[in-house]
Amino acid sequence: MAKTLRFVLGDQLTPTVSSLQDFDVDNDVVFMCEVWDEATYVKHHKKKIAFLFAAMRHFAKEQAAYGLQVDYIHLTDSNNTQSFTEELKRAVKRHKADKVVVTEPGEWRVLEAMKTWEEILGVEVDIRPDDRFFCPIDDFKKWAEGRKQLRMEFFYREMRRKHDILMNGDQPEGGEWNYDSENRKPPEDGLDVPA
């Protein structure tokens, strides 16, 4: 029977991420890969990369302990192509998958690559919204439509109202929306800073 690959990215390490919802233990595989393309497309501190890969490995082991089938490609695996697309292509072939499910990435560059996968892989690719945020991308696009300036302060105010965060009725808690102007001032003389 064909399988569905549930591709989990390194910044999506939570068992409730949308790509893992409705997981079928008998027919689905959690797929994860460490690739140089993602670790080196911009400069990262070596410790950041090490922490990211360590977190990914722990998450993969956790999912396996829950009884989920996990296919994990390490950075140093001899056949690692070092690319999301190429590793996914190999995994689709390896598992005879007929579908890939992935949560929308936080990076536009990765999302644009994902949009090409269906054609490249020859299987259905289900890109699900990332429901870990207060606002889906489409809602933000609606808010931004027609605005001459995208000042995030006004978007944050809307989110605070919508989700009743730090609000007192229709007004901000404490009477101010933010304290940015005070935060931009240099510290006062005599400020005791620990060594």
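The values are calculated or read from the model by the stated rules, or taken from the named source; none is laboratory data. The shown structure was predicted, so the numbers you read here are calculated from the model rather than taken from an experiment. Here the Cβ is made from the backbone with ideal geometry for all residues, glycine too, and neighbour counts use every protein chain on show. These area figures cover heavy atoms from the full protein model, side chains too; ligands, DNA and RNA do not enter into them. Shrake-Rupley method; radii C 1.70, N 1.55, O 1.52, S 1.80 Å.
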**Message:** Test of understanding: given the chain, find the longest segment containing no GluC sites (Glu not before Pro) that are in a DSSP loop and have at most 14 other Cβ atoms within 10 Å.
**Reply:** 1-106
**Prompt:** Leaving out same-chain residues fewer than 8 places away, which aspartates and glutamates sit with a Cα under 19 Å from that of residue 61?
**Reply:** 11, 24, 26, 28, 34, 71, 77
**Message:** Would you report the distance distribution of C-alpha pairs in region 107-195 as whole percents per 10 angstrom bin, up to the bin with the largest distance?
**Reply:** 12, 26, 26, 19, 12, 4, 0
**Message:** Restricting to Cα pairs below 8 Å that are 6+ residues apart, what does the relative contact order work out to for region 1-144? Please round to a whole percent.
**Reply:** 31 percent
**Message:** Need one number for region 103-147: average projected area of the convex hull over its C-alpha atoms, nm².
**Reply:** 3.9 nm²
**Prompt:** Using the heavy atoms of the protein chains alone and a 1.4 angstrom probe, what is the accessible area of region 92-168 per residue in square angstrom?
**Reply:** 71 Å²
**Complete:** Checking region 154-195 for trypsin sites (Lys or Arg not before Pro) in a loop per DSSP with at most 15 other beta-carbon atoms within 10 Å yields 184
**Prompt:** In region 37-138, which chymotrypsin sites (Phe, Trp or Tyr not before Pro) are in a loop and have at most 14 other Cβ atoms within 10 Å, using DSSP for the loop call?
**Reply:** 41, 66, 133, 134
**Request:** List the residues whose amide H sits under 5 Å from the amide H of residue 31, counting only those 5 or more places along or on another chain, with H placed 1.01 Å from N in the peptide plane.
**Result:** 6, 7, 8, 71
**Request:** Quick one: among 25, 123, 42, which has the greatest mean-square fluctuation in a GNM of the chain with alpha-carbon springs under 10 angstrom?
**Result:** 42
**Asked** Which ³J(HN,Hα) values in Hz, rounded to whole numbers, follow from the phi angles of region 48-59 under the Karplus curve 6.51 cos²θ - 1.76 cosθ + 1.60, where θ = phi - 60° and Gly and Pro get x?
**Response** 4, 4, 4, 5, 4, 5, 5, 5, 4, 5, 5, 4
**Message:** Based on the alpha-carbon set only, what is the convex hull volume of the chain divided per residue, in Å³?
**Reply:** 209 Å³
**Prompt:** Over the Cα atoms of region 18-100, how large are the radius of gyration and the largest Cα-Cα distance (Dmax), in Å?
**Reply:** 13.5, 40
**Computed lengthening from residue 148 to residue 181, 0.36 nm per intervening residue step minus Cα-Cα distance** = 9.6 nm
**Fill in**
Restricting to Cα pairs under 8 Å and 6 or more apart, the percent relative contact order of region 14-83 works out to 50 percent
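Can you figure out the FRET efficiency of residue 36 with residue 120, using R₀ = 22 Å and their beta-carbon distance, to the nearest 0.05? Write out the running numbers ahead of the final one.
Details: r = 19 Å, r/R0 = 0.88.
Once the sixth-power term is evaluated, E becomes 0.70.
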**Message:** With the cut-off at 18 Å, tell me which of the pairs 3/89; 3/99; 48/115; 142/162; 46/115; 141/162 have Cα atoms farther apart than that.
**Reply:** 48/115; 46/115
**Item:** Gained length - residue 162 relative to residue 53, 0.36 nm times residue gap less alpha-carbon distance
**Value:** 35.7 nm
**Asked** How about region 3-93: which trypsin sites (Lys or Arg not before Pro) there lie in a loop by DSSP and see at most 10 other Cβ atoms within 10 Å?
**Response** 43
